[in-house]
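One structure is given below, encoded as structure tokens.
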Amino acid sequence: MTRSSDLKWMRDAIDLAKRGRMATSPNPMVGACVVRNGILVGKGYHEIYGGNHAEVNALKSAGKKAQGATLYVTLEPCSTWGKTPPCVAAIVQAGIREVVVGMLDPNPKNFGKGVAALKKAGIKVHTGVSAREVQILNEAFIKYVTKKFPFVTLKMAQTMDGKIATVTGRSRWISSKASRDFVHRLRTEQDALLVGRNTLLIDDPRLSPRAPCGKRNPAKPWRIILDPMLEASDRSRIFRGEQVTLCAVSEKILKDVRNRKRIGKRIFIPVRAKGEILDLKHLLSQLAGLGVAKLLVEGGGEVAWSFLKGGFVDKVYWILAPKIIGGRLAKTSVEGEGVRDLAKAFVFRETQMTKLGEDWLFEGRF
């Protein structure tokens, strides 16, 4: 039976974990609290990828007061060496009496091993406290370590009549400043941002997060272009700045260009393709291999349809602006061939609506 105090301290640990959302990926966000006699004596979180884990930071904060205390941690402590020493050893050495865990490590290589090691050392362990909240917090990490694929979020901003640009192609600005600020904050939490060829050629986006940030990896997020036929100009704004820009290109086209020695200074991801249509599953698999756990798709209607049709979208952020611009030839938020039967429409499992300035933000999961 879960104690009310366990829920309270786990909520605090979850709030701490959220502070690492801009810097820990592809590692999970983890927070920890050290509590002795009902009083918080130490706290910490996983601050940056490759840095100390949350448990170690919390134990350092507690110092000698950790002796005989209870450790609340959102994710099962690690029991093996990685980029840092195993947290189980630090917990045992600190003299922790009890460990309360939000959820077990979803990584098949580590699942349950940390808990088993703690119990073997004589430490009382209680698991599954606020597990659902922790799962949502680390939904990208869970998919990344279990499926070897990035967690894909599709972002779109449209008018009430479903348009993302006027008939002349003008799209600045469909959404309000509050919505654009939200998107910049969202970008800072991603490993990579992706757009299609049409968005690049028409809008010439920078895809750079410009929100005020705390601790984060300055090289992230990467920028990815779906450019199967190598049509992007070297003068495009997406190639400026510190962030890495990757071009997903048809394997055949890339081979032909290399033979003619006309590549220029770019980083390419060769992707299987049928004509000008890239194999998105092949691309996503390669991105996961490069350490991309969180991918934000910001393309136009064709790219949105391609990701939806392929079943690759995990979550959407849909911004609805209270505007109508009309135009039967104006671009819409989702194009492609569409579904032929309403029974095959894409339905969201969990939804949430939030007001953003003049706009509404719809958040949904598949």
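At 222 nm, what helix-only mean residue ellipticity would the chain give, in deg cm²/dmol to the nearest 500, using -39500 (n - 2.57) for each DSSP H run of four or more?
It lands at -8000 deg cm²/dmol.
May I ask for the net charge around Ala121, where only other residues with Cβ less than 15 Å from the Cβ of Ala121 are counted and Lys, Arg are +1 while Asp, Glu are -1?
+2
Under a 10 Å cutoff between Cα atoms, tell me which one of Leu104, Leu201, Leu296 has the largest fluctuation in the Gaussian network model of the chain.
Between Leu104, Leu201, Leu296, it is Leu201 that shows the largest mean-square fluctuation.
Carbon and sulfur: what percent of region 1-89's accessible surface (1.4 Å probe)?
Carbon and sulfur: 53 percent of the exposed surface of region 1-89.
Given all pairs of different Cα atoms, what value in angstroms does the Kirkwood hydrodynamic radius of region 45-169 take?
One over the average 1/r among Cα pairs gives 16.5 Å for region 45-169.
For Ala178 and Glu242, what does the FRET efficiency come to when R0 = 35 Å and r is the distance between their Cβ atoms, rounded to the nearest 0.05?
Efficiency, rounded to the nearest 0.05: 0.85.
So for the pair Lys323, Lys355, with labels modelled 7 Å out along Cα→Cβ, what separation do we get in nm?
2.0
How much accessible area per residue does region 277-366 have, counting only protein heavy atoms and a probe of 1.4 Å, in square angstrom?
Spelled out: the 1.4 Å probe surface of region 277-366, per residue, equals 54 Å².
Return the carbon/sulfur percentage of the accessible area of region 100-219, one whole number, probe 1.4 Å, all protein chains in place.
54
Determine how large the accessible area of Lys148 is when every protein chain is in place; take a 1.4 Å probe and give Å² rounded to the nearest 10.
Estimated to the nearest 10 Å², Lys148 gives 130 Å².
Anyone know which of Gly300, Gly310, Gly102 comes out most mobile in the 10 Å Cα GNM of the chain?
Maximum among the listed residues: Gly310.
In whole angstrom, how long is each semi-axis of the equivalent ellipsoid of the chain, when you take the square root of 5 times every eigenvalue of its Cα gyration tensor and sort them from largest down?
The answer is 42, 23, 18 Å, longest axis first.
By how many nm would the segment from Met229 to Glu335 grow when fully extended, if each residue of separation counts as 0.36 nm and the alpha-carbon distance is taken off?
The Met229-Glu335 span can extend by a further 36.1 nm.
Calculate what fraction, in whole %, of the accessible area of region 296-350 sits on carbon and sulfur atoms when a 1.4 Å probe is rolled over the protein chains.
Ligands and nucleic acids excluded, carbon and sulfur reach 55 percent.
Could you check which residue among Ala62, Ala140, Ala343 shows the biggest mean-square fluctuation in a GNM of the chain with a 10 Å Cα cutoff?
Most flexible of the set in this elastic network: Ala343.
For region 10-167, what is the accessible area per residue in Å² when the probe is 1.4 Å?
The answer is 43 Å² per residue.
Just read off the accessible area of Glu47 with the full protein assembly in place, 1.4 Å probe, to the nearest 10 Å².
Spelled out: Glu47, probe radius 1.4 Å, area about 60 Å².
About its Cα centre, what dipole magnitude does region 9-63 give when the only charges are +1 on Lys and Arg Cβ and -1 on Asp and Glu Cβ, stated in debye to the nearest 20?
Around 80 debye, computed over region 9-63.
Gap in Å between the Cα centre of region 289-348 and the Cα centre of region 9-75?
Centre-to-centre distance over Cα atoms comes out at 37 Å.
By the scheme Lys and Arg +1, Asp and Glu -1, what is the net charge of all other residues having a beta-carbon under 15 Å from that of Asn138?
Summing Lys/Arg as +1 and Asp/Glu as -1 gives +1.
I want to make sure I understand the PRE zone here: with the label point 7 angstrom from the Cα of Ala131 toward its beta carbon, which residues in region 81-109 have backbone N atoms less than 12 Å away?
Residues passing the 12 Å test: 101-106.
The values are calculated or read from the model by the stated rules, or taken from the named source; none is laboratory data. Computed from a predicted structure; not experimentally measured. Positions of Cβ are generated from backbone atoms using ideal geometry, with glycine treated the same way; all protein chains shown enter the neighbour counts. Accessible surface areas use protein heavy atoms only, side chains included; no ligands, DNA or RNA. Shrake-Rupley method; radii C 1.70, N 1.55, O 1.52, S 1.80 Å.
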